[in-house]
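Undergrad: Got a structure for you, questions after.
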Amino acid sequence: MPIYEYICSDCGTKFEELRPISKSTEPADCPKCKHPAKRAVSKFVCRASSEFSLTAPLGGSSGGGGCAGCAGGSCTTCHT
């Protein structure tokens, strides 16, 4: 079950609630003032490991020669 973030428009309280996906669009009762609160836009962080390259194809090889940084296409580092 996912955790959703809510913010109460009446008192400004921010809170989280564990709810089923089927109730994700329904308001949640504010724990402070008990008024219905709308779901807030959640922030998240995504970090790649040091072994993962955004420019190299899956599998980590460059496929067409060259270095992993250019994935084999017109690189100023390895000149391929």
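The values are calculated or read from the model by the stated rules, or taken from the named source; none is laboratory data. Computed from a predicted model, the values in this text were never measured in an experiment. Glycine gets a Cβ as well: all are built from the backbone with ideal geometry, and neighbour counts include every protein chain shown.
Undergrad: Would you mention how many residues in the range 16-45 are in contact with a Pro (Cβ under 9 Å, 6 or more places away or on another chain) and hydrophobic (A, V, I, L, M, F, W, C)?
TA: Residues flagged as in contact with a Pro (Cβ under 9 Å, 6 or more places away or on another chain) and hydrophobic (A, V, I, L, M, F, W, C) within the range 16-45 amount to 5.
Undergrad: Go through Cys30, Cys46 for me and flag whichever is at pLDDT 95 or above and among the hydrophobic types (A, V, I, L, M, F, W, C).
TA: Being at pLDDT 95 or above and among the hydrophobic types (A, V, I, L, M, F, W, C) holds for just one of Cys30, Cys46, which is Cys30.
Undergrad: Okay, next question. Pro36 - would you say it is more than 20 Å from Met1 (Cα to Cα), surrounded by 12 or more Cβ atoms within 10 Å (Cβ to Cβ) and modelled with pLDDT under 60?
TA: Considered against the rule, which asks whether it is more than 20 Å from Met1 (Cα to Cα), surrounded by 12 or more Cβ atoms within 10 Å (Cβ to Cβ) and modelled with pLDDT under 60, Pro36 comes out as no.
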